[in-house]
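Asks: Let me give you the structure first, and then I'll get to my questions.
Any read-out appearing in this document is the output of simple, stated calculations on the displayed coordinates, not a laboratory observation. A quick note: this is a predicted structure, and the numbers were derived from the prediction, not measured. Neighbour counts are summed over all protein chains in view; Cβ atoms, including those assigned to glycine, are modelled from backbone coordinates with ideal geometry.
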Amino acid sequence: MSAIIEFKNVSKHFGPLKVLEEVDLDINRGEVVVLIGPSGSGKSTLLRCINGLEMITSGDLLVDGLSVKGGNKILREIRQEAGMVFQQFNLFPQMNALENVAFGQRHVRGMGRKAADISAQELLEKVGLGDKSRHYPHELSGGQQQRVAIARALAIKPKVMLFDEPTSALDPELKQEVLSVMRKLAEEQMTMVVVTHEMSFAKQVGTRLIFMEHGKIAVDANPADVIDNPPNDRMKDFLRHV
Amino acid sequence: MNIDWSIIINFLPQLFHGAKITLYITVTGLIGGITLGAVIGLMRAYGGYILNTLAFIYVEIIRGTPIVVQVMFLYFALPVLVDIRIDPMTTAILAIVINAGAYVAEIVRGAVLSISKGLTEAGRAIGLPRWKVVVYIVGPLAFRRLIPPLGNQCIVSLKDTSLFIVIGVGELTRTGQEIMAANFRAVEIWTAVAVFYLIMTGTLSLLLRIIEKRMRIL
Ligand SMILES: Nc1ncnc2c1ncn2[C@@H]1O[C@H](COP(=O)(O)OP(=O)(O)OP(=O)(O)O)[C@@H](O)[C@H]1O
Ligand SMILES: [Mg+2]
C-alpha cells in the first residue's frame, strides 16, 4: 500500500507556540484515520497543514506526492486532492445547495454549467438531499447544511477527505445523518482523516486511531484495540470525558 | 416682514443651474471616490505591511482633517508647493474624490472583514485561487453590507459640495448666496435652496431604501 499523505518530521509553530512537533505520519489509501485528543493538542492544525490552510514551519508534507511547500499552484492542486469539511459548515450563503456544490466544479475543475449542475444534483442525491437543491443554506438544518458541505467537497473529486469535527455543531439527532453519509464514504474506500469525539464512529468505521497530545502523536493504533483498552492513563482519562 | 414666495420663480433657472453643478461635482467626485476607496480599502484588507500602512496613513490624514482645510490646501497650498494650478471646478471634484475615497475605504475594509474567515477558507479549501475567492465569495457578500453605509456617504458628499463656496464654485449654495446679495430675500432664497438639497438627498435615500429592500443581507 502506498501512502497518500506523508508527514516527514513536520513542525508547526505559531510564534513561540509549538503546535506540532516533529510529526511523522503516513496515511495510506483507503484508511479511515480518526484523530482524537484534548483541546489545543493540534488536531485541527494537523488537518489544516494537509491542505495548506496552515503552512508548516519545518519538515515536509506530501499529498499524493505533492509537497505543500511547492508554492501556490501546487497548493491548489493539493486542495483538489484533499477536500475539507468544517465544523461550522461554511456554505456560501448567497448560493443555493446546488450552486454551492456546482461552484467548485465550474470554477476549479472548469466544468460547463450544465454538466456541473447534473453532477451536483447527483451528489446531493447521494447525501440524501436531492429534493433540497434549490434551498439556500439558511433554509436548511445544520445536518442538511453539513451534508451539502460534504457534497461540495466531494464535487472536486478529491482522493482524501478531511473532516474537522463535522458533527460538533449539531444537535444529537442531526449528528447521525451526517455520520451515516461519512460511513457510506468509508465503504466506498474513500481515504478519510476525521477529527471527532464520536467514539462509536471511530470504533465502527475507523481503521486507525490517533491520540494527539501537545502536538505529538501519542498513540497510533487500531481503534478496536485501544478504545476499550487505552494504552496510557492520559488517553484513558481523555476517553472517560468524551 | 413681507415674504413673497413668488419671487422664487424668477430665480428658478439660476437655482436649477446651481443644482446641476452640485450634482455634477457629486456624481463625478463619487465615481472617483468610490473607485479610489475600493482600491484603498482592499489594500487595507488584503495588502501586505507596506500597502496597508500607506493606505492607513492616507485614511487617517483625510479623516483627521476638516474637508474645508483639504479644499483650501488643494486650491491655495498645492500651487505654492508644487506649482500646479487647478481651476475651482477641478479642485472641487478632486476634493470629493480624495475625501470620499478615505471614508469609502473604511467602509469597504469593514465590509470585507465582516465576512467570516470560514467562508474564505472554504473557498480556498476547494482549490480556488485567492482572486476568485474575493470576486465570487467575499465580494458579493461584502457588497450587500456595503450598500447602506455607501449610500450614506453619497448623501454626506453631496452636502459637502456646499462648502466649495469658499473657492467660488457656482454650485447650489453659492448660487443662493449670489441671489441673496442682489435682493436680500433671505427667507425665500434659503428656503428654496434647502428644498433643492432635500429633493436631491431625499431621492438618494429613497433609492437606497429600494436597493436595501431588494438585497437580503447574508
Ligand atoms: N492561527 C493561529 N494563531 C495562533 N495560535 C493558533 C492558531 N491556530 C491555532 N492556534 C493554537 O494552536 C494550538 C492548537 O490548536 P488546534 O486548533 O490545532 O487544536 P485542536 O486540537 O484542534 O483543539 P480543539 O479540540 O479545541 O479544536 C492551540 O493552542 C491554539 O490556540
Ligand atoms: Mg480543532
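Asks: Specify which of the listed residues (A:N51, A:N72, A:N100, A:N96) is facing chain B (nearest Cβ under 9 Å), within 16 Å of B:A122 (Cβ to Cβ) and more than 13 Å from ligand 1 (Cβ to nearest atom). Can you show your working first?
Replies: Working: A:N72 fails: within 16 Å of B:A122 (Cβ to Cβ); A:N100 fails: facing chain B (nearest Cβ under 9 Å); A:N96 fails: facing chain B (nearest Cβ under 9 Å).
Answer to the selection: A:N51.
Asks: Of the residues B:I96, B:I25, B:I50, B:I9, which single one is farther than 29 Å from B:W190 by Cα and either of a type in the set (A, V, I, L, M, F, W, C) or surrounded by fewer than 17 Cβ atoms within 10 Å (Cβ to Cβ) (or both)?
Replies: On the way: B:I96 fails: farther than 29 Å from B:W190 by Cα; B:I25 fails: farther than 29 Å from B:W190 by Cα; B:I9 fails: farther than 29 Å from B:W190 by Cα.
Step by step, each of B:I96, B:I25, B:I50, B:I9 is checked, and only B:I50 is farther than 29 Å from B:W190 by Cα and either of a type in the set (A, V, I, L, M, F, W, C) or surrounded by fewer than 17 Cβ atoms within 10 Å (Cβ to Cβ) (or both).
Asks: Can you name every residue in region A:120-143 that is within 11 Å of chain B (Cβ to nearest Cβ) and either under 20 Å from the mean Cα position of the chain (by Cα) or within 17 Å of A:V178 (Cβ to Cβ) (or both)?
Replies: From region A:120-143, those within 11 Å of chain B (Cβ to nearest Cβ) are A:136-138; that's our starting set.
Within region A:120-143, just A:P137 meets the criteria.
Asks: Among (1) within 14 Å of chain A (Cβ to nearest Cβ); (2) in a helix (DSSP H, G or I), which single condition is B:G127 missing?
Replies: With respect to (1) within 14 Å of chain A (Cβ to nearest Cβ); (2) in a helix (DSSP H, G or I), B:G127 is out only on (2).
Asks: Output the residue which, of all residues in region A:151-162 that are in contact with a Leu (Cβ under 8 Å, 6 or more places away or on another chain) and not basic (K, R), is nearest to A:E177 (Cα to Cα). Steps first, please.
Replies: Step one: filter region A:151-162 for residues in contact with a Leu (Cβ under 8 Å, 6 or more places away or on another chain), giving A:151-152, A:154-155, A:161-162.
Filter once more, keeping what is not basic (K, R): A:151, A:154-155, A:161-162.
Details: A:A151: 13, A:L154: 17, A:A155: 19, A:M161: 17, A:L162: 18 Å.
Ranking the qualifying residues of region A:151-162, first place goes to A:A151.
Asks: Which condition from (1) in contact with a Gly (Cβ under 9 Å, 6 or more places away or on another chain); (2) away from chain B (no Cβ under 11 Å); (3) assigned to a helix (DSSP H, G or I) is the one that A:D117 breaks?
Replies: Unmet for A:D117, out of (1) in contact with a Gly (Cβ under 9 Å, 6 or more places away or on another chain); (2) away from chain B (no Cβ under 11 Å); (3) assigned to a helix (DSSP H, G or I): (1).
Asks: Based on this model, can you work out whether A:F89 counts as out of contact with any Phe, Trp or Tyr (no Cβ under 8 Å at 6 or more places or on another chain), buried (at least 22 other Cβ atoms within 10 Å of the Cβ) and farther than 18 Å from A:I150 by Cα?
Replies: Numbers: out of contact with any Phe, Trp or Tyr (no Cβ under 8 Å at 6 or more places or on another chain): yes; buried (at least 22 other Cβ atoms within 10 Å of the Cβ): yes; farther than 18 Å from A:I150 by Cα: no.
Considered against the rule, which asks whether it is out of contact with any Phe, Trp or Tyr (no Cβ under 8 Å at 6 or more places or on another chain), buried (at least 22 other Cβ atoms within 10 Å of the Cβ) and farther than 18 Å from A:I150 by Cα, A:F89 comes out as no.
Asks: Checking A:R29 against (1) away from chain B (no Cβ under 14 Å); (2) closer than 12 Å to A:V10 by Cβ; (3) among the charged types (D, E, K, R), which single condition isn't satisfied?
Replies: Only one criterion in (1) away from chain B (no Cβ under 14 Å); (2) closer than 12 Å to A:V10 by Cβ; (3) among the charged types (D, E, K, R) is unmet by A:R29, namely (2).
Asks: Considering only residues of region A:159-184 that are surrounded by fewer than 24 Cβ atoms within 10 Å (Cβ to Cβ) and in contact (Cβ under 8 Å) with a residue 60 or more places away in the chain, which is farthest from ligand 1 (Cβ to nearest atom)?
Replies: Per the stated criteria, the residue is A:K159.
Asks: Mind checking which strands (runs of 3 or more DSSP E) fall wholly inside region A:11-99 and carry at least 3 residues that are within 16 Å of ligand 2 (Cβ to nearest atom) and out of contact with any Cys (no Cβ under 8 Å at 6 or more places or on another chain)?
Replies: On the way: elements: A:17-28, A:32-36, A:58-63, A:82-85.
Once the strands (runs of 3 or more DSSP E) in region A:11-99 are filtered for at least 3 residues that are within 16 Å of ligand 2 (Cβ to nearest atom) and out of contact with any Cys (no Cβ under 8 Å at 6 or more places or on another chain), what remains is A:17-28, A:32-36.
Asks: Quick one: in region B:99-124, which of the residues that are at the interface with chain A (Cβ under 10 Å from one of its Cβ atoms) and not small (G, A, S) is nearest to B:V27 (Cα to Cα)?
Replies: From region B:99-124, those at the interface with chain A (Cβ under 10 Å from one of its Cβ atoms) are B:115-124; that's our starting set.
From what is left, the residues that are not small (G, A, S) are B:115, B:117, B:119-121, B:124.
Working: B:I115: 29, B:K117: 34, B:L119: 34, B:T120: 33, B:E121: 37, B:R124: 37 Å.
My answer is B:I115.
Asks: Quick check on A:S11: is it among the polar types (S, T, N, Q), within 14 Å of ligand 1 (Cβ to nearest atom) and farther than 16 Å from A:D164 by Cα? Steps first, please.
Replies: Values: among the polar types (S, T, N, Q): yes; within 14 Å of ligand 1 (Cβ to nearest atom): yes; farther than 16 Å from A:D164 by Cα: yes.
For A:S11, the condition - among the polar types (S, T, N, Q), within 14 Å of ligand 1 (Cβ to nearest atom) and farther than 16 Å from A:D164 by Cα - is met.
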